[in-house]
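For reference, the structure is listed below as structure tokens.
No value in this document is a laboratory result; all are computed from the given coordinates. It should be emphasised that the depicted structure is a prediction, and the values quoted were computed from it without experimental measurement. Cβ placement follows ideal geometry from the backbone for every residue including glycine, while neighbour counts extend to all protein chains displayed.
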Amino acid sequence: MPNSNWFKGNLHTHTTESDGDETPEHVAEWYREHGYDFLVLSDHNHLTVLDDAGSNPGKWPLLIPGEEITSRLFNNTVPVHVNGIGLKSLVEPATEESARETLQENVSRIVAAGGLASINHPNFKWIISAEDIAATEGTWAMEVYNGHPITNSFGGGGHLSAEAIWDLVLSSGRRVLGVATDDAHHYVAEFSPLLANPGRGWVVVKAEKMSEDALMAGMRRGEFYASSGVAILDMKVARDEIVIEMAPYDTEEFTTIFRGKDGRELATVEGQEVRFVPPKAEMYVRATVYSSRGSRAWSQPVFSS
Ligand SMILES: [Zn+2]
Ligand SMILES: [Zn+2]
């Protein structure tokens with residue numbers, strides 16, 4: 001990254017502390033070797049903290065404590081998974097009467113433990129609706145892209161994509177941000193589209209420096225973008241202007257769609273550097289970059305007031 005205050009991280013990763021197939025140490029090494037600045041080890045209902053995390057800056061990315069709060073309602077036919085990022089203590093999963101009530105309780109517990117609550121893979125088993133997320137208070141973000149092969153990020157068969165769900169949540173007035181993650185479980189066997197391998201979805205956060213506090217503050221403020229493969233040199237998302245500058249890989253080309261309330265297309269712009277002035281009356285405006293390679297990037301929304 002030419003701009004030194006953008007930091008790449010993955011917010012959703014499993015290890016042998018839950019159902020991942022590599023140890024936390026080796027998972028952290030994988031991410032360091034692949035250019036990640038920070039990482040959240042988010043095991044199911046387990047706060048994976050490496051004792052000497054701070055003393056291995058060359059070996060591991062900066063490790064922000066996290067956990068996938070995992071409620072398995074009705075014999076696990078209704079999975080409700082919420083990531084807690086930057087937790088100060090372990091959060092126990094809630095079991096309420098419905099997915100929606102469980103979602104709210106897990107989010108509230110994460111917030112009480114000092115974390116940012118991110119609602120994971122809403123389309124996993126098609127359980128979490130836009131209405132469920134819109135009804136939940138205290139949510140920081142939701143996954144608009146999850147790299148696990150069974151989480152149905154793009155919708156289909158009459159179901160909305162996670163991104164379209166996000167637009168409905170935003171249009172309801174909830175200021176929920178969008179993240180892309182790996183949800184990686186599999187490191188050992190040869191990588192395959194049928195496995196949950198690392199390196200598929202990430203966020204890049206603008207922060208004053210590489211520290212947990214600065215990264216958490218940048219994420220809390222929404223100063224980041226999400227990507228499933230598009231590399232971005234610089235991005236400005238402000239009320240007066242949105243500017244995105246992409247870094248093409250070989251002959252990669254880009255189309256950027258700017259969307260407003262209810263996901264309505266406001267503009268479609270081609271090229272490597274795009275600009276758009278958000279209409280003053282629009283409730284929110286956000287951008288999705290579509291790459292000729294099939295990957296995408298998502299800006300955070302900018303709100304009208
Ligand atoms: Zn999950
Ligand atoms: Zn997971």
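List the trypsin sites (Lys or Arg not before Pro) in region 208-305 that DSSP assigns to loop (not H, G, I, E or B) and whose Cβ has at most 13 other Cβ atoms within 10 Å. Which are they?
Working: sites: Lys209, Arg220, Arg221, Lys236, Arg239, Arg259, Lys261, Arg264, Arg275, Lys280, Arg286, Arg293, Arg296; in loops: Lys209, Arg239, Arg264, Lys280, Arg293.
When the trypsin sites (Lys or Arg not before Pro) of region 208-305 are filtered for loop state and at most 13 Cβ neighbours within 10 Å, Lys209, Arg239, Arg264, Lys280 remain.
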| said: Placing unit charges on C-beta atoms (Lys and Arg positive, Asp and Glu negative, everything else neutral), compute the dipole magnitude of region 6-226 about its Cα centre in debye, rounded to 20. | reply: 640
| What are the principal axis extents of the Cα atoms in region 148-305, in Å, biggest first? | 51, 43, 35
| query | How many Lys pairs in the chain lie less than 26 angstrom apart by Cα atoms, where the lysines are 8 or more positions apart or on different chains? | reply | 17
| Gaussian network model of the chain, springs between alpha carbon atoms under 10 Å - residue of Thr70, Thr15, Thr23 with greatest fluctuation | Thr23
| remark: Extend 7 Å from the Cα of Trp126 along its Cα-to-C-beta direction; within region 142-166, residues with backbone N under 14 Å of that point are 151-162
| request: Would you tally the net charge around Leu87, using a Cβ to Cβ cut-off of less than 15 Å, leaving Leu87 out, and scoring K and R as +1, D and E as -1? | output: -4
| query | Which residues make up the longest stretch of the chain that has no GluC sites (Glu not before Pro) in a DSSP loop with at most 14 other Cβ atoms within 10 Å? | reply | 1-96
| Could you give the dipole magnitude of region 229-305 about its Cα centre, charging the beta-carbon of Lys and Arg +1 and that of Asp and Glu -1, in debye to the nearest 20? | 400
| query | Given Ala189, Ser18, Thr70, which one lies farthest toward the positive end of the charge dipole of region 6-226, if we put +1 on the Cβ of every Lys and Arg and -1 on the Cβ of every Asp and Glu? | reply | Thr70
| Ratio of Rg to Rh for the chain, alpha carbon only, Kirkwood? | 0.94
| said: I want to check the label-to-label distance for Asp234 and Phe154. Put each point 7 Å from Cα in the C-beta direction and report it in nm to one decimal. | reply: 3.3
| message | If you take every residue apart from Ile257 with its C-beta less than 15 Å away from the C-beta of Ile257, what net charge results, scoring Lys and Arg +1 and Asp and Glu -1? | response | -1
| query | For Ala247, what charge total do you get from the other residues with a beta carbon under 13 Å from its beta carbon, if Lys and Arg give +1 and Asp and Glu give -1? | reply | -4
| query | What list do you get for Trp298, Trp30 if you sort them by fewest beta carbons within 10 Å? | reply | Trp30, Trp298
